[in-house]
1. More than 15 Å from DNA strand C (Cβ to nearest atom), away from every other protein chain (no Cβ under 14 Å) and either assigned to a loop (DSSP other than H, G, I, E, B) or surrounded by 20 or more Cβ atoms within 10 Å (Cβ to Cβ) (or both), is that true of A:ALA84?
2. Out of A:LEU178, A:LEU117, A:LEU191, A:LEU133, report the one residue that is more than 30 Å from A:GLU45 (Cα to Cα) and not β-branched (Val, Ile, Thr).
3. Against the condition more than 10 Å from chain B (Cβ to nearest Cβ), within 16 Å of B:GLY205 (Cα to Cα), touching a residue at least 12 places away in the same chain (Cβ under 8 Å) and part of a helix (DSSP H, G or I), how does A:ALA144 come out, does it pass?
4. Go through A:ALA31, A:ALA48 for me and flag whichever is more than 10 Å from DNA strand C (Cβ to nearest atom) and either within 14 Å of chain B (Cβ to nearest Cβ) or within 19 Å of A:GLY122 (Cβ to Cβ) (or both).
5. Mind telling me which of the residues B:GLY123, B:GLY90, B:GLY127 ends up being modelled with pLDDT under 95, away from DNA strand C (no atom under 16 Å from the Cβ), in the same structural domain as B:TRP180 (by TED's automatic domain parsing) and of a type outside the set (S, T, N, Q)?
6. Does segment A:58-68 include one or more residues that are on the phi < 0 side of the Ramachandran plot, more than 14 Å from the chain's Cα centre (by Cα), exposed (fewer than 13 other Cβ atoms within 10 Å of the Cβ) and away from DNA strand C (no atom under 15 Å from the Cβ)?
7. Determine, yes or no, whether B:ARG75 is more than 16 Å from DNA strand D (Cβ to nearest atom), within 14 Å of chain A (Cβ to nearest Cβ) and not small (Gly, Ala, Ser).
8. Out of everything in segment A:34-45 that is under 17 Å from the mean Cα position of the chain (by Cα) and either within 14 Å of another protein chain (Cβ to nearest Cβ) or within 14 Å of DNA strand C (Cβ to nearest atom) (or both), what residue ends up being farthest from A:GLU110 (Cα to Cα)?
There are 2 protein chains.
Amino acid sequence: MSMPLEPRRRRPGRPSAGETPVDRATVLECAERLIRREGPTVSLEAIAAEAGVTKPIVYHHVGGKDAVVEGLAWRLNERHADAARDAVAGRRDPAAAIRAFVDAYLDGLERDRNLYLYVTGGGGSGGDPESVLRFADQSAAGLAERLAQLRGARTKKQRAAALPWAYGVIGMLHFVALWWLRTADRSRAELAEQLTDLLWTGLRGNRSSR
Amino acid sequence: MSMPLEPRRRRPGRPSAGETPVDRATVLECAERLIRREGPTVSLEAIAAEAGVTKPIVYHHVGGKDAVVEGLAWRLNERHADAARDAVAGRRDPAAAIRAFVDAYLDGLERDRNLYLYVTGGGGSGGDPESVLRFADQSAAGLAERLAQLRGARTKKQRAAALPWAYGVIGMLHFVALWWLRTADRSRAELAEQLTDLLWTGLRGNRSSR
DNA sequence: GATGAAATATACCGGGGGTAGATAAATTCA
DNA sequence: TGAATTTATCTACCCCCGGTATATTTCATC
């Protein structure tokens, strides 16, 4: 959680000795700050302005809107993955671990709401359904790994299921998240409990057989 | 599955006695046909042209891009819901019912691929994350009902979980669908099997307790 | 100082959704 | 019969956004 960098300079020309020119990190930092403040529908031009710079610079350093979305998604995923890891760490009971994971997810969602919407929405426009999927890609492989070991997958057949499961879990959390952000009809703890129940016991619930 | 109506007329002026003017259903029919043929990124203008008409007409009869998406989503959902109901009908074993449901979903996805992408992607642009959620809204309530009875939810607390579960299931299927459309690395039957496993037994799998 | 390199700005293009205002045909009525 | 009205549509435009070609400014070097 670094202090957002102030825009450095708006003046063309080669930078003098002490100056640091605008770079990719600066642009993304400013983009994030603006999205937090203004919401998920900000334009590339607005992001550029926030960085004290114009559009082609954003294009030059980061590489177009998709790249901005992907860059921010990456940072966001890193943070959330860290938080999730910390939350889950050391829990022996798998159900408790899942619950902690879900809770960490919802916590991150509340903290980074606008950013999350920007990143999953492909930046408010231009969205193939591909953009949200690219967001999922960044965490799917890692999650699949965890799921496989949680489930104790040994056979090749079992392990092959892990990847679609990971996308499934991500999609489930994502949709519930969007719905919850809109309705806000229950507490985070309640929702986490309900999701954990579904994730852990499935639709079968606590029935014994089959 | 009606025969797509041919474009009626491109001429302004009040229609003569026998003529039927362009209406909402015609526009949506042509939109669907075009999307099937050209893919999910078609523009409103292209849709209008397919209907032998211009943009303001689409706006007049249907009401803007969001309304087109919503209208098509509605039709698609109806068809898929019917198919799912038929597939599930009469199955006693809940796991088999879920499997049939998942399989019907994947079948519909393959049949209506472009349309599905258009509708869930908010039409290739302009998308809040809200648009995909509005698509989910159309089936969430009904699905929640089924899930509640499948799980045998009695208490108020249990029933309160049904709605987020429904969104969760929809989101799970949706994400897996997008991923599967892209990778296409396994058969539909395999994927249905894997998804059914996750949905029915959850991450717990077949462990006995907790 | 001239030259070149680095960093950025200006100004434009194309496309998409949305909309105001003009237009054309058929019915209705003096 | 011919004007007014109603109905259905088209033409032309606006604005915003992402993307890009080109000009410009500043510093370092020779």
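1. Yes, satisfied.
2. A:LEU191
3. On the way: more than 10 Å from chain B (Cβ to nearest Cβ): yes; within 16 Å of B:GLY205 (Cα to Cα): yes; touching a residue at least 12 places away in the same chain (Cβ under 8 Å): yes; part of a helix (DSSP H, G or I): yes.
So A:ALA144 fits the description; yes.
4. Values: A:ALA48 fails: more than 10 Å from DNA strand C (Cβ to nearest atom).
Matching residue, one of A:ALA31, A:ALA48: A:ALA31.
5. Details: B:GLY123 fails: away from DNA strand C (no atom under 16 Å from the Cβ); B:GLY127 fails: away from DNA strand C (no atom under 16 Å from the Cβ).
None of the others qualify; the one that does is B:GLY90.
6. No, there is no match, as no residue in segment A:58-68 is on the phi < 0 side of the Ramachandran plot, more than 14 Å from the chain's Cα centre (by Cα), exposed (fewer than 13 other Cβ atoms within 10 Å of the Cβ) and away from DNA strand C (no atom under 15 Å from the Cβ).
7. Details: more than 16 Å from DNA strand D (Cβ to nearest atom): yes; within 14 Å of chain A (Cβ to nearest Cβ): no; not small (Gly, Ala, Ser): yes.
Against the criterion (more than 16 Å from DNA strand D (Cβ to nearest atom), within 14 Å of chain A (Cβ to nearest Cβ) and not small (Gly, Ala, Ser)), B:ARG75 does not qualify.
8. Per the criteria, the residue is A:THR41.
The values are calculated or read from the model by the stated rules, or taken from the named source; none is laboratory data. Keep in mind that this is a model prediction, so the values were computed, not measured. Quick reminder, even Gly has a Cβ in these numbers, built from the backbone with ideal geometry, and neighbours come from all protein chains shown.
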